[in-house]
1. Return the pairs, sorted by first residue and then second, in which the second residue is among the aromatic types (Phe, Trp, Tyr), the first residue lies in the range 15-39 and is part of a loop (DSSP other than H, G, I, E, B), the beta carbons are less than 8 Å apart, and the residues are 6+ apart or on different chains.
2. Taking Arg56, is it in the same structural domain as Arg14 (by TED's automatic domain parsing), of a type outside the set (Val, Ile, Thr) and farther than 16 Å from Leu9 by Cβ?
3. Kindly indicate whether any position in the range 12-21 is surrounded by 16 or more Cβ atoms within 10 Å (Cβ to Cβ), out of contact with any Pro (no Cβ under 7 Å at 6 or more places or on another chain) and modelled with pLDDT under 95.
4. Can we say Ala30 is surrounded by 15 or more Cβ atoms within 10 Å (Cβ to Cβ), closer than 20 Å to Leu9 by Cβ and within 18 Å of the chain's Cα centre (by Cα)?
5. Based on what the data block shows, is Gln46 touching a residue at least 24 places away in the same chain (Cβ under 8 Å) and either part of a helix (DSSP H, G or I) or aromatic (Phe, Trp, Tyr) (or both)?
6. Out of curiosity, is Leu98 surrounded by 11 or more Cβ atoms within 10 Å (Cβ to Cβ), hydrophobic (A, V, I, L, M, F, W, C) and either farther than 21 Å from Val8 by Cα or touching a residue at least 24 places away in the same chain (Cβ under 8 Å) (or both)?
7. In this structure, does Thr25 turn out to be farther than 18 Å from Leu9 by Cβ and touching a helix residue (DSSP H, G or I) at 6+ places or on another chain (Cβ under 6 Å)?
Amino acid sequence: MGERQDSVLTQRERKVLVLVGRGLTNREIARRLFTSTSTVKICLHQACVKLKARNRAQAVILAMKRGLLDTQELYSLDELAALLASLGPEATETVAQLLKSKLEQARPLSGIE
């Protein structure tokens, strides 16, 4: 029987990675989770080993790519919109075109006309 995806990381490791993804430092994560910075470092190390990541940023990216973290856990829609707006109109247009393309590709599969 195959391993469940959510069993790759412990709940604590997932929580730490979500907070890393939100840009918090180890100290801030420790305060938020009511634990020590040593525990945060251990969780990060364990997550990096499990994901074969070289650093905390790569661990977050790999966890997202593998479906172990959801974008909604990292950013609210308002935060994503603000981030996109801060990148300028070119970035907004690029994302709009990518989304349009993805939606057009999905239509024949979903039967939406």
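1. Note: pairs meeting the criteria are Arg22/Tyr75.
2. Values: in the same structural domain as Arg14 (by TED's automatic domain parsing): yes; of a type outside the set (Val, Ile, Thr): yes; farther than 16 Å from Leu9 by Cβ: no.
It is false that Arg56 is in the same structural domain as Arg14 (by TED's automatic domain parsing), of a type outside the set (Val, Ile, Thr) and farther than 16 Å from Leu9 by Cβ.
3. First, pick out the residues of the range 12-21 that are surrounded by 16 or more Cβ atoms within 10 Å (Cβ to Cβ): 12-21.
When the remaining residues are screened for being out of contact with any Pro (no Cβ under 7 Å at 6 or more places or on another chain), the result is 12-21.
From the residues that got through so far, the ones that are modelled with pLDDT under 95 too are 21.
Yes, the range 12-21 contains a residue that is surrounded by 16 or more Cβ atoms within 10 Å (Cβ to Cβ), out of contact with any Pro (no Cβ under 7 Å at 6 or more places or on another chain) and modelled with pLDDT under 95.
4. Numbers: surrounded by 15 or more Cβ atoms within 10 Å (Cβ to Cβ): yes; closer than 20 Å to Leu9 by Cβ: yes; within 18 Å of the chain's Cα centre (by Cα): no.
In short, no.
5. Details: touching a residue at least 24 places away in the same chain (Cβ under 8 Å): yes; either part of a helix (DSSP H, G or I) or aromatic (Phe, Trp, Tyr) (or both): yes.
Yes; evaluated as a whole, the condition is true for this residue.
6. Details: surrounded by 11 or more Cβ atoms within 10 Å (Cβ to Cβ): no; hydrophobic (A, V, I, L, M, F, W, C): yes; either farther than 21 Å from Val8 by Cα or touching a residue at least 24 places away in the same chain (Cβ under 8 Å) (or both): yes.
So Leu98 does not fit the description; no.
7. On the way: farther than 18 Å from Leu9 by Cβ: yes; touching a helix residue (DSSP H, G or I) at 6+ places or on another chain (Cβ under 6 Å): no.
No, not satisfied.
Okay, residues lined up against (1) among the polar types (S, T, N, Q); (2) at pLDDT below 95:
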position: Ile29; (1), (2): no, no
position: Arg32; (1), (2): no, no
position: Leu44; (1), (2): no, no
position: Lys50; (1), (2): no, no
position: Lys65; (1), (2): no, yes
position: Leu68; (1), (2): no, yes
position: Ser76; (1), (2): yes, yes
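The values are calculated or read from the model by the stated rules, or taken from the named source; none is laboratory data. All values reported here derive from a predicted model rather than from experimental measurement. Note that each Cβ is placed from the backbone with ideal geometry, even for glycine, and that neighbours are counted across all protein chains shown.
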